[in-house]
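The next block holds one structure in the form of structure tokens; read it before the comments.
The values are calculated or read from the model by the stated rules, or taken from the named source; none is laboratory data. Bear in mind that the values here come from a model prediction, so they are computed numbers and not experimental data. Methodologically, a virtual Cβ is constructed for each residue, glycine included, from the backbone with ideal geometry; neighbour enumeration extends over all protein chains shown. For the accessible areas, the whole protein counts, side chains as well, though only heavy atoms, and no ligand, DNA or RNA atoms are used. Shrake-Rupley method; radii C 1.70, N 1.55, O 1.52, S 1.80 Å.
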Amino acid sequence: MPKHSTRADTVIVLDFETTGLSPDMGERAIEIGAVLVERGEIKARFQELMNPGMKVSAFIEGYTGITNAMLREVAPCAEVMTRFSDFITGHNLVAHNASFDKRFLDAELARISCTYSGEFACSLLTARRIFQEAPNHQLGTLVNYTNIPSQGNFHRALYDSEMTAKLWIAMLENIGERYDLYDLPFSLIQKLSKVPKKSVHTFLEKCQT
């Protein structure tokens, strides 16, 4: 097993589109999108639709633009997730509202008896601490708030993962500029995402020493 990078700027950022909110309720993944970020730059992409073996609702079709007709033509979840398991090997993982994506990643990989060794960080929780003045912390709002150029459709997995990756990089740059903290370890961002918002400044100042 390759040794993980411990750097916060070398991660895989991922996003699932799904049939519903929870794999515990029998919902399945229908699309996975991910980007490999190495030292703050996007270096590789992964995107595939996957057939969940069940129909998606009219709401999900409208929300994502992914139709039942599209899903009938693609590989089943097991095949796609086998390929995705290879893509994420040796990397820590980031997602916006990571608890959602982690549940689906865990559930889909469990179906094919695969595991992964990377750890998760949540860009949503991190953004709540770094961009406390943002109107809200939805991905689209934060992309606008940070002036990240965007030209595409949210609620498609690759686009959302690319925007999340750019937001993640912007947050690391923000910490660097404000606190002169660069080359941050992934574990530090994991800790930061749990720090009370009022204590973020003190936490990052202590990291300078």
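Values for this structure:
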{"read-out": "Potential extension, SER22-ASN174 segment - 0.36 nm per residue separation minus Cα distance", "value": "51.4 nm"}
{"read-out": "Most fluctuating residue given options ALA29, ALA78, ALA69, as computed from a GNM of the chain linking Cα atoms under 10 Å", "value": "ALA69"}
{"read-out": "Of LYS55/LYS197; LYS43/LYS194; LYS55/LYS191; LYS43/LYS198, pairs whose Cα-Cα distance is over 32 Å", "value": "LYS55/LYS197; LYS55/LYS191; LYS43/LYS198"}
{"read-out": "Residue-count net charge about ASP24 - beta-carbon cut-off 14 Å; Lys, Arg +1, Asp, Glu -1", "value": "+1"}
{"read-out": "Label point distance in nm, GLU133-SER187, each placed 7 Å from Cα along Cα→Cβ", "value": "3.4 nm"}
{"read-out": "Inter-probe distance in nm under a simple model that places probes 7 Å from Cα toward Cβ, at MET54 and HIS4", "value": "3.0 nm"}
{"read-out": "Accessible area per residue in Å² at 1.4 Å probe, computed on the chain", "value": "50 Å²"}
{"read-out": "Accessible surface of the chain [probe 1.4 Å, protein heavy atoms]: carbon and sulfur percent", "value": "49 percent"}
{"read-out": "Computed [θ] at 222 nm, deg cm²/dmol, the chain (DSSP H ≥ 4; -39,500 (n - 2.57); rounded to nearest 500)", "value": "-12500 deg cm²/dmol"}
{"read-out": "Beta bridges per DSSP with both ends in the chain, % antiparallel, nearest 5", "value": "75 percent"}
{"read-out": "Estimated FRET transfer efficiency when R0 is 30 angstrom, pair SER113-ALA44 (beta carbons, to 0.05)", "value": "0.75"}
{"read-out": "Rg/Rg_ref, the stretch 19-107, where Rg_ref = 2.2 N^0.38 Å and atoms are Cα", "value": "1.12"}
{"read-out": "Label-reachable residues, the stretch 172-191, where backbone N falls under 13 Å from a point 7 Å from GLU205's Cα toward its Cβ", "value": "179"}
{"read-out": "Loop-resident sites, the stretch 81-170, for GluC sites (Glu not before Pro), counting at most 12 other Cβ within 10 Å (DSSP)", "value": "GLU133"}
{"read-out": "Which of CYS122, CYS114 is most accessible, then next, and so on - probe 1.4 Å", "value": "CYS114, CYS122"}
{"read-out": "All Cα pairs of the stretch 71-197, percent lying beyond 23 Å", "value": "38 percent"}
{"read-out": "0 to 90° range, to nearest 10: angle between helix 157-179 axis and the chain longest Cα axis", "value": "10 degrees"}
{"read-out": "Local net charge near HIS96, Cβ-Cβ under 10 Å (Lys/Arg +1, Asp/Glu -1)", "value": "-3"}
